[in-house]
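I have placed the structure first, in the form of structure tokens, so that the comments after it can refer back to it.
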């Protein structure tokens with residue numbers, strides 16, 4: 001397992017613990033994270049009923065699909081890369097509910 005892969009797995013495992021249900025009130029969404037490049041993998045997060053779950057793999061017809069380089073995802077989660085700037089620079093590709101994408105980071109502390 002590469003260092004990047006290990007970091008991604010840790011971030012995904014921590015996602016439910018960092019979830020703030022008050023910030024995501026009324027949200028019912030499935031988000032696919034398609035992380036590319038070294039250490040890349042695909043993950044699905046489900047936000048519904050005040051809970052966030054994460055599992056490895058992809059589902060069909062997600063509410064939102066985010067495609068980005070695995071290292072960029074790590075940098076974004078660490079605060080070294082601004083999500084909106086990354087999107088504007090083409091480092092993040094979004095398919096589906098763009099408004100959800102713009103609010104997603106606010107659901108986590």
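None of the figures in this text is laboratory data; all of them are computed from the coordinates on show. Quick caveat: nothing in here was measured; it's all calculated off a predicted structure. With ideal geometry, Cβ positions are generated from the backbone for all residues, glycine too; neighbour counts draw on all protein chains shown.
The table for this structure:
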| quantity | calculated |
| --- | --- |
| Label of the coordinate-derived value, Cα extents along the principal axes in Å, listed as [x] 38, 29, 23; [y] 35, 29, 28; [z] 65, 33, 21 | [y] |
| Sequence of 47, 4 once ranked by neighbouring C-beta atoms within 10 Å, starting from the fewest | 4, 47 |
| Relative contact order %, the chain, counting alpha carbon pairs below 8 Å whose residues are six or more apart | 27 percent |
| Alpha carbon centroid spacing (whole Å) that separates the range 1-26 from the range 55-109 | 12 Å |
| Likely footprinting exposure, 41, 109, 2, fewest C-beta neighbours within 10 Å first | 109, 2, 41 |
